[in-house]
Amino acid sequence: QVRLVVPIAVVFGPGSVPGDLPRPLPYRDVQEMEISVNLRTSVMSHYEILYRSTTSQEEAALAAATAREADAALHPLQDTTLGSLTMYVVPETSSLLPQGITVYVGKHRSALVRAGGSLAALQARLREVTQVMSFTASSIAAALSDRAPDGQLSPDARRYLKSSLGYEITFSLLNPDPKSHTVDWDIEGAVNRYVKPVLDKLSLVANFSVDSQILYYAVLGVTPRYDKESSSFLLSAHSLPHVINPVEARLGSSAASLYPVLNFLLYVPERSHSPLYIQDKDGAPVSTNAFHSPRWGGIMVYNIEAPASSQASLPLHVDVDMARVMEVFLAQLRLLFGLSREEVPPEFLLESPGNEGLADWELDHLLWAHTVENIATVSTTLTSLAQLLDKIGNIVIKDDVASEVYRAVASVQSAVTELSLGHLHAAFQASKEAVTSSERAFFDPSLLHLLYFPDDQKFAIYIPLFLPMAVPILLSLAKIVRETRQRTKEPTKMD
């Protein structure tokens, strides 16, 4: 039974305290909710809420002109523990939040909430904020997608990457027509400027490695359709799945990789198929001219403006606008990690994370999901290992394999305990160690089931070999026994 404990501080600013509080401030409250994944698996979410008044420093911070300034001023004053949340309740008449906005979610682990009059209305609002900033039933079901029934999963659940100890990111520039185009891209500068801040933030979740390559004469494998009205070439939505396999055969990055590989491809169309646009299911052009494939990566088509004069010398020199390209690729990266912001109510205002690419609470969102997924993975791995050992009675378990199993069990129990105490970071680290130990034990070469044969197979193999030799040996033994018996029966002569 996994119990997810979220420590929440609800801080009432001046003039925002509801009149129907059950006890004087400060006081504590507990709320629980069961997230059922299937008949055998459920996760208990446990919210430990501390209601209190603002301190003088917090009051001064809430007197800022805008919500963004208040969020920046409040950040040093609040609990920055991973998984914890701080909600600042401001009066209903406060000008800190824009008109029509009831909740402002900042870049860190806090939110500004407009008081709802009664305590019940405020608690309903706080519940919505908590689910946005920590985890929802759908995000936990997506993390346990291997156990959840298909009907219970959201359409996006299969899109997210599975939890892993590391990921490899490959940026590829595809130039199918180098005779017509010489394409330059400052991929190193773009990665340092746009991608590195995001990966630095995500380094807590997993290890990342980034590489890039340029592939010449690599075509999409699908012939685009020419549209006379727009004088352009179009790729329809139903043809997009057929684009990936021919391209993937040229990438060659996933063959020698231990970890999942995320492929981000920038495709410069050949001159005979230019300009090239991607259409959605309704036939409308896609604004980014890009698409993504779940758990694989994304492809962006980068059109080159035709030269003004037809006499221009070939190949044309092109400098890629990396800011425009990286904006698309980072959005696709967020989608693959399940950090999209589509389910937020309209009265919520979410602060942009800026250069870091994701807010602190989004990192927590990822850690909650990955911790639960790691615990489930270890449970499945160890169960499979136990079933394998039950089937093969004569299997030899070395001491190092046994110690890895014990370490995996101890680590996963530690992860469950830390979750029930509200220590998200410690729980995630323990779950990572449990996954590492369980995988080492499961994939140990000495436990390969092909090394061990059932007894009937052994007889089937060895009888044809030993029977031809055994027959003359047994007949000789029988002859020797008969001769010995006859010799003992013959009377001995006495002088």
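Applying the condition of being surrounded by fewer than 15 Cβ atoms within 10 Å (Cβ to Cβ) and under 23 Å from the mean Cα position of the chain (by Cα) to region 410-429 and asking which residue is nearest to LEU448 (Cα to Cα) yields GLN413. Return a yes/no flag: does region 325-334 have any residue that is in a helix (DSSP H, G or I) and under 24 Å from PRO7 (Cβ atoms). There is no residue in region 325-334 that is in a helix (DSSP H, G or I) and under 24 Å from PRO7 (Cβ atoms).
Taken over region 376-388, the criterion of being surrounded by fewer than 14 Cβ atoms within 10 Å (Cβ to Cβ) and either touching a Gly at 6+ places or on another chain (Cβ under 7 Å) or of a type outside the set (Val, Ile, Thr) (or both) is satisfied by SER384, ALA386, GLN387. Only one of the numbered conditions (1) within 19 Å of LEU144 (Cβ to Cβ); (2) open to solvent by less than 60 Å² (accessible area, probe 1.4 Å) is violated by SER446, and that is (1). Of the helices (runs of 4 or more DSSP H) that lie entirely inside region 131-216, those containing 2 or more residues that are at pLDDT 90 or above and surrounded by 13 or more Cβ atoms within 10 Å (Cβ to Cβ) span 187-190, 196-202. Taken as a whole, the condition of being surrounded by fewer than 19 Cβ atoms within 10 Å (Cβ to Cβ) and at positive phi does not apply to GLY393.
When region 96-109 is filtered for residues that are touching a Leu at 6+ places or on another chain (Cβ under 6 Å) and in a strand (DSSP E or B), the ones remaining, listed by number, are TYR104, VAL105. A single entry from ARG109, ARG68 fulfils the requirement of being surrounded by fewer than 22 Cβ atoms within 10 Å (Cβ to Cβ) and over 18 Å from PRO14 (Cβ atoms): ARG68. Return yes when ALA376 is closer than 30 Å to PHE443 by Cα, among the aliphatic types (A, V, I, L, M) and out of contact with any Ser or Thr (no Cβ under 9 Å at 6 or more places or on another chain) and no when it is not. Judged against the criteria, ALA376 is not a match.
Per-residue answers, yes or no, for (1) open to solvent by less than 60 Å² (accessible area, probe 1.4 Å); (2) over 19 Å from ALA121 (Cβ atoms); (3) touching a Cys at 6+ places or on another chain (Cβ under 9 Å); (4) touching a residue at least 12 places away in the same chain (Cβ under 8 Å):
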position	(1), (2), (3), (4)
SER16	yes, no, no, yes
ASP29	yes, no, no, yes
MET33	no, no, no, yes
ASN38	yes, yes, no, yes
LEU50	yes, yes, no, yes
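Remark: pairs (first residue in region 255-275, under 17 Å from LEU215 (Cβ atoms) and outside the structural domain of ASN289 (by the TED database); second residue among the aliphatic types (A, V, I, L, M) and in a loop (DSSP other than H, G, I, E, B); Cβ separation under 9 Å; 6+ apart in sequence or on different chains) are absent. Considering only residues in region 71-91 that are of a type in the set (S, T, N, Q) and touching a Pro at 6+ places or on another chain (Cβ under 8 Å), the one that is most open to solvent (accessible area, probe 1.4 Å) turns out to be THR81.
If you check GLU351, GLU362, GLU373 for being without any contact (Cβ under 8 Å) to a residue 60 or more places away in the chain and surrounded by 14 or more Cβ atoms within 10 Å (Cβ to Cβ), only one passes: GLU362.
The values are calculated or read from the model by the stated rules, or taken from the named source; none is laboratory data. The structure displayed is predicted, hence computed values, not measured ones. All Cβ positions, even for glycine, are placed from backbone atoms using ideal geometry, and neighbour counts span all protein chains on display. We work out accessible area using only protein heavy atoms, side chains counted, and drop any ligands, DNA or RNA first. Shrake-Rupley method; radii C 1.70, N 1.55, O 1.52, S 1.80 Å.
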